[in-house]
Amino acid sequence: MNALDRLRQAAQERDLTSSQAALLEALTEIDYFYGLGVALQLAQAHLPVFEAAHPDDGWARSLLVWLGSYGAPPANLPVEAGQPHASPGAGNFVHALIELTRSAERRTPLENRLRFLANAMTNLILADLAADWYGQHPELWTLQQEAGDEIDDETGQPLRQTIYAHFWLDETVAARDTAAWLELADVLEAQQRR
């Protein structure tokens with residue numbers, strides 16, 4: 001079974017660890033800059049969601065434009081990238097941008113650059129899932145932020161864990177998650193056939 005077949009299987013099983021491992025292997029079979037372009041497209045697709053929640057954070061758009069224009073990182077990451085961004089999916093999105101930047105550092109060995117790229121793509125998918133689900137359940141986002149460490153009487157787990165389990169097991173999230181990974185496999189397969 002090749003990497004893309006394993007990626008599709010892991011997507012159907014919703015096995016995040018296996019999906020990411022198969023993605024990394026698939027990225028080794030294509031040109032790095034094509035993979036970077038795919039990741040930049042994923043990031044650009046999520047950018048309006050991030051900007052709606054953080055309208056004063058123009059650094060994210062600037063960073064994506066820089067990476068897309070030069071295929072290399074700026075000399076320094078914007079200071080704002082290290083600031084907390086408290087909105088659904090924002091943590092994953094910011095982490096993805098940092099990983100994209102790290103992947104573009106040309107002095108870094110290619111194997112590590114591809115790892116950063118796979119991490120970025122994974123976090124972009126997670127950012128989309130979180131923004132969508134918590135956007136539909138803002139009361140759970142607020143509860144998670146304000147009382148996430150409190151113990152849920154029914155489960156004996158922190159509320160954060162209980163809410164996250166509801167998120168991850170939601171049928172709509174599951175379908176959206178699987179579809180995102182399958183679409184990514186299709187995009188990478190199209191490049192391999194070139």
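Every number in this text was worked out from the coordinates using simple rules, so none of it is lab data. Please read these numbers as outputs of a predicted model, since none were measured by experiment. No Cβ is skipped: glycine too gets one built from the backbone with ideal geometry, and neighbour counts run over all protein chains shown.
Projecting the Cα atoms of Tyr134, Phe167, Asn76 onto the charge dipole of segment 3-192 (Cβ charges, centred on the Cα centre) puts Asn76 farthest toward the positive pole. The distance linking segment 34-90 with segment 163-186 is 22 Å (Cα centroid to Cα centroid, whole angstrom).
Taking the Cα centre of segment 3-192 as reference, the dipole from Cβ charges on Lys and Arg (+1) and Asp and Glu (-1) amounts to some 900 debye. With the simple model of a label 7 Å out from the Cα in the direction of the Cβ, Ile151 to Asp186 spans 4.8 nm. Cα centroid separation, segment 1-28 to segment 115-147: 21 Å. Take the Cα of Gln44, step 7 Å toward its Cβ, do the same at Arg14, and the gap between the two points is 3.1 nm.
GNM on the chain, alpha-carbon springs under 10 angstrom: the most fluctuating residue among Leu100, Leu63, Leu124 is Leu63. In whole angstrom, segment 149-194 maps to an equivalent ellipsoid with semi-axes of 37, 10, 5, each derived as √(5λ) from the alpha carbon gyration tensor and ordered largest first. Take the Cα of Trp168, step 7 Å toward its Cβ, do the same at Gln136, and the gap between the two points is 1.9 nm. GNM remark for the chain: springs join alpha carbons under 10 Å apart, and the peak mean-square fluctuation among Asp149, Asp15, Asp177 falls on Asp149.
Under a Gaussian network description of the chain, with springs only between Cα atoms under 10 Å, the residue in Ile151, Ile30, Ile98 that fluctuates furthest is Ile151.
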